[in-house]
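S.K.: Here it is: the structure, laid out below.
The values are calculated or read from the model by the stated rules, or taken from the named source; none is laboratory data. Quick caveat: nothing in here was measured; it's all calculated off a predicted structure. We place every Cβ from the backbone using ideal geometry, glycine too, and count neighbours over all the protein chains shown. Ligands, DNA and RNA are excluded from the accessible area calculation, which covers all protein heavy atoms including side chains. Shrake-Rupley method; radii C 1.70, N 1.55, O 1.52, S 1.80 Å.
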Amino acid sequence: MTQDEVVARIEPILRDLFDEYDGPVTAALTANDVEQWDSLANVQLMVMVEAAFGIKFATTEISALKTLGELADLVARKAQQGAVARA
């Protein structure tokens, strides 16, 4: 799964959670770009992404993320690890 594919799958989640945001959803997107994106919304986003992809994040992984692209890369790695574990 590529970063672009993950971002595309996360976009509807972002649009649902941040319903007032109508800007672009790209790998460069940060919490500073979205007015509604505060610490509580960040937790909600991580839970929604975990559910959508069937993965779990460690708190240390989440706290290190700076951009949507970094989140997408983490999701892709975890999805790949899960696929290997299930094989």
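S.K.: How many residues does region 39-72 hold that are in contact with a Leu (Cβ under 6 Å, 6 or more places away or on another chain) and either hydroxyl-bearing (Ser, Thr, Tyr) or part of a loop (DSSP other than H, G, I, E, B) (or both)?
M.R.: 1
S.K.: Taking region 32-64 as the search range and keeping residues that are of a type in the set (Asp, Glu) and open to solvent by 40 Å² or more (accessible area, probe 1.4 Å), which one is nearest to GLN3 (Cα to Cα)?
M.R.: GLU61
S.K.: Can you tell me how many residues in region 42-81 are of a type in the set (Gly, Ala, Ser) and over 12 Å from the mean Cα position of the chain (by Cα)?
M.R.: Counting residues in region 42-81 that are of a type in the set (Gly, Ala, Ser) and over 12 Å from the mean Cα position of the chain (by Cα) gives 5.
Each row is one residue, and each column tells you yes or no for (1) free of Cβ contacts under 8 Å to residues at least 24 places away in the same chain; (2) surrounded by fewer than 15 Cβ atoms within 10 Å (Cβ to Cβ); (3) of a type in the set (Ser, Thr, Tyr); (4) at positive phi.
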| position | (1), (2), (3), (4) |
| --- | --- |
| PHE18 | yes, no, no, no |
| ASP22 | yes, yes, no, no |
| LEU29 | no, no, no, no |
| LYS66 | no, yes, no, no |
| LEU71 | no, no, no, no |
